[in-house]
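This report concerns only the one structure given below.
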Amino acid sequence: MLEKQLSSQNLCESLDEETTKAIGIQLRDWFDEDEASRLPWLKRSNEWLKLATQVTEKKTYPWPDAANVKYPLLTTAAMQFSARAYPALVPGPRLVQGLVIGRDEQGLKQAIAERIGAHMSFQLLYEMDDWEEDMDRLCMILPIVGCVFKKTWFDPIKGKNVSDLILPQDLVIDYFAKTVESASRKSHIIYRNKNEIQERINKKIYCDIDIDKDLGLPTTDIQENHTKDKIDGKLEPKLSPASPYKLIESHCWWDLDDDGYEEPYIITFDYTSRVILRIVPRFSIEDVELEDDKIISIKPTEYFTKFGFIPNPDGSIYDLGFGLLLGALNETVNTLTNQLLDSGTINNLQSGFLGRGIRIRSGNTRFLPGEWKPVDFAGDDIRKHLLPLPTKEPSDVLFKLLEALVTSGKELASVAEIMVGKMPGQNTPATTTMATIEQGLKVFTAIYKRVYRALGKEYSKLFKLNKINLPDKKIYFTINEPQGAQGQEVEKTDYENDIAVKPNADPNIVSSAQKLMKVQAMGPLLELGTLNPVEYTKRFLEAIDEENISTILVTQPPPSPEQQQMQADQQMKQAEMMMKQQEQQMKMQFEQMKAQLDQQSKEMELRFKMVELQFKQKEHEMDMAHTQQEHQLNMQTQQQQSEIDLKTSKEQSDLKTAQMKEQGDIKAKQAAEKPKPQAKA
């Protein structure tokens, strides 16, 4: 039967309507009883939130719009705690540290523990989107209210682990319950709109119901002291599509099988209509103790983790915060401050009585600076008919009382001037300053240890969820470091070994300066050879918040004293051999340099002779070229002269030829002109 219940996604579907109706009515009555038991605390917490957020309200006493200043004593205390706690509790990328339980002779479990620590840190920072932001909010809300809660579970909608911040106003527990784990009922108030409910109906998480018909109207009038209220009193608008339904997720015990033993279940119902939406077991088969097929006991799975500030002396589950410790003191400081301001206002704006002998316009009369008003007065001294209202300047006694109360509040909240960043006196020794800071942080150290324990419980819940819900295949991931040749990986079987987890933060160190001083104090021990230099270097780099330490750190095991002596002897021998080698090398270098100089000298002489020979050869070539040029010039001159003579002789020959031709022509002409002899008959 238990296995059947555990395999079911919603036991509500197997129950009849009459049974579910009875369960809804009973759970609603129990919820109202638990809510009524903590109603006074809810009203006070709402006042603390108003005081911390500096909400101002109009006053009508002692006159309308009187001074209503809020001194930021509680606000300063909360901000100082948050500023110190957040970086101390979330120290860089490695948030989770794996611990080996039992023997680990070969070191295999230690390697698994390191992988688990890296993987869970990766989940918190990168897969669980709002985890770090919720831690920031937790550090701010915790000192004001006194306690907050974390709900850690596997979300079937997102398909991954979730750890949400739950305000104490949204988790209803009997005020007189001792612990979260021992409380018989825990009711988580959840607000979901129509679309979110329909989405869970479609995925078979909620029962298949008609929302408009079966559920009541959405929540339109939020309770007066609920955190959904605006701190200044404004409420959400009236009914709209975005108006949420008020659902109650009750972590309770119920006997569904009528065997006389109540089993732990999670029952979700609508507050207005009491309709049951979901019933699922709050245990696993390993948590059941059986004897002869009879249930002896069941260990429930706890979803909620309480983060407390200061334990409540009355034994209540709701711890004390600065809201309760400083609230009344802060209100007194506010009253004194406003009284001083009102006293100064009355003293600056004087009033009084007018005698009947003065005729002045009736009604309020106000004077501007430097203004004179005419009046009808027949007497001799107007001062006899004017009586100023007797007032006093702001009281020095009230001012000193105000200073005493502010100082007392700062001592209680550990926010003295030196703790908020102000410099001490010029002649204050450094050791005195550090001792003062250390004493001032004692209160914070105790609170950090409480938060540290709660973080350990939250990490243990995430460890169990990974053990159940991780896929069977290997998961590859990397966290804020350069990806090497082999990426980081983890398997589901790693979570089945004897491994535990704890926060990597140190609750005894609440500032980076303390962490660095602690590491530096171990520095002189390195000379004794009793410390691991690699580990010391790693811690020093972590103290100064150096990133990617693995990329710059050379990890080698420290040598033993015998190995150190052998290494020292070898180093001496190597040094002597190196000295001899250096002397021999220097001699060889000297000989080489001398031979190189001689060779260079010979080469220079040879080069000089070659240059001289080249110069003579060039001179001879120049002489030859000059002679050749003269010869060529003479030949050109002779050639030109012969060409001229040839041309002259040719011209003379042509002239003679022309003359002879002319003479021949003349003779021929003369011969032609002579009479021819007549022929004889």
- Query: Of the residues 245, 265, 271, which is open to solvent by 20 Å² or more (accessible area, probe 1.4 Å), at pLDDT 75 or above and within 23 Å of residue 12 (Cα to Cα)?
  - Reply: 271
- Message: Go through the stretch 102-129 and report how many residues are without any contact (Cβ under 8 Å) to a residue 40 or more places away in the chain and open to solvent by 60 Å² or more (accessible area, probe 1.4 Å).
- Response: 8
- Item | Residue check, residue 292 over 21 Å from residue 167 (Cβ atoms), open to solvent by 10 Å² or more (accessible area, probe 1.4 Å) and free of Cβ contacts under 8 Å to residues at least 24 places away in the same chain | yes
- Kindly list the number of the only condition in (1) modelled with pLDDT under 75; (2) in contact with a helix residue (DSSP H, G or I) (Cβ under 8 Å, 6 or more places away or on another chain) that fails for residue 472. (1)
- Task: Starting from the stretch 52-78, keep only residues that are touching a residue at least 24 places away in the same chain (Cβ under 8 Å), then list their pairs with residues that are open to solvent by 60 Å² or more (accessible area, probe 1.4 Å) and polar (S, T, N, Q) whose Cβ atoms are within a distance under 6 Å, requiring at least 6 positions of separation or different chains.
- Result: 68/56; 70/54
- Task: Hey, could you check the stretch 92-101 for residues that are open to solvent by 50 Å² or more (accessible area, probe 1.4 Å) and not in a loop (DSSP other than H, G, I, E, B) and say which is nearest to residue 502 (Cα to Cα)?
- Result: 97
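Identify the residue in the stretch 138-196 that is of a type in the set (Asp, Glu) and touching a strand residue (DSSP E or B) at 6+ places or on another chain (Cβ under 7 Å) and, among all such residues, is surrounded by the most Cβ atoms within 10 Å (Cβ to Cβ). Explain how you work it out, then say what you get.
First pass over the stretch 138-196, keeping only residues of a type in the set (Asp, Glu): 155, 164, 170, 174, 181, 196.
With the extra rule that they be touching a strand residue (DSSP E or B) at 6+ places or on another chain (Cβ under 7 Å), the set shrinks to 155, 164, 170.
Numbers: 155: 10, 164: 15, 170: 18.
Looking at residues that are of a type in the set (Asp, Glu) and touching a strand residue (DSSP E or B) at 6+ places or on another chain (Cβ under 7 Å), I get 170.
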- Query: Within the stretch 52-60, is there a residue that is open to solvent by 20 Å² or more (accessible area, probe 1.4 Å), modelled with pLDDT under 85 and either touching a Ser or Thr at 6+ places or on another chain (Cβ under 8 Å) or of a type in the set (Phe, Trp, Tyr) (or both)?
  - Reply: yes
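Condition test on residue 669, is it part of a helix (DSSP H, G or I) and either surrounded by 10 or more Cβ atoms within 10 Å (Cβ to Cβ) or within 60 Å of the chain's Cα centre (by Cα) (or both)? Lay out the reasoning, then the answer.
Details: part of a helix (DSSP H, G or I): yes; either surrounded by 10 or more Cβ atoms within 10 Å (Cβ to Cβ) or within 60 Å of the chain's Cα centre (by Cα) (or both): no.
Considered against the rule, which asks whether it is part of a helix (DSSP H, G or I) and either surrounded by 10 or more Cβ atoms within 10 Å (Cβ to Cβ) or within 60 Å of the chain's Cα centre (by Cα) (or both), residue 669 comes out as no.
Of the residues 612, 662, only one is open to solvent by 100 Å² or more (accessible area, probe 1.4 Å) and in a helix (DSSP H, G or I); which? If you could, list the steps in order and put the result at the bottom.
Values: 612 fails: open to solvent by 100 Å² or more (accessible area, probe 1.4 Å).
One residue alone meets the criteria, 662.
If you check 35, 13, 3, which single one turns out to be surrounded by 14 or more Cβ atoms within 10 Å (Cβ to Cβ), touching a residue at least 24 places away in the same chain (Cβ under 8 Å) and over 27 Å from residue 330 (Cα atoms)? Explain how you work it out, then say what you get.
Working: 13 fails: surrounded by 14 or more Cβ atoms within 10 Å (Cβ to Cβ); 3 fails: surrounded by 14 or more Cβ atoms within 10 Å (Cβ to Cβ).
Selected residue: 35, the only one of 35, 13, 3 that is surrounded by 14 or more Cβ atoms within 10 Å (Cβ to Cβ), touching a residue at least 24 places away in the same chain (Cβ under 8 Å) and over 27 Å from residue 330 (Cα atoms).
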- Message: Given the criteria part of a helix (DSSP H, G or I), at pLDDT below 80 and either among the polar types (S, T, N, Q) or out of contact with any Lys or Arg (no Cβ under 8 Å at 6 or more places or on another chain) (or both), does residue 573 qualify?
- Response: no
- Return the only residue of 59, 50, 70 being out of contact with any Cys (no Cβ under 6 Å at 6 or more places or on another chain), of a type in the set (Lys, Arg) and in a helix (DSSP H, G or I). 50
- Within the group 9, 5, which residue is more than 30 Å from residue 146 (Cα to Cα) and outside any helix (DSSP H, G or I)? 9
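The values are calculated or read from the model by the stated rules, or taken from the named source; none is laboratory data. This structure is a prediction, so every number in the text was calculated from the model and none was measured. Here Cβ is always computed from backbone atoms with ideal geometry, including for glycine, and neighbour counts include all displayed protein chains. Note: areas computed on protein heavy atoms with side chains; ligands, DNA, RNA excluded. Shrake-Rupley method; radii C 1.70, N 1.55, O 1.52, S 1.80 Å.
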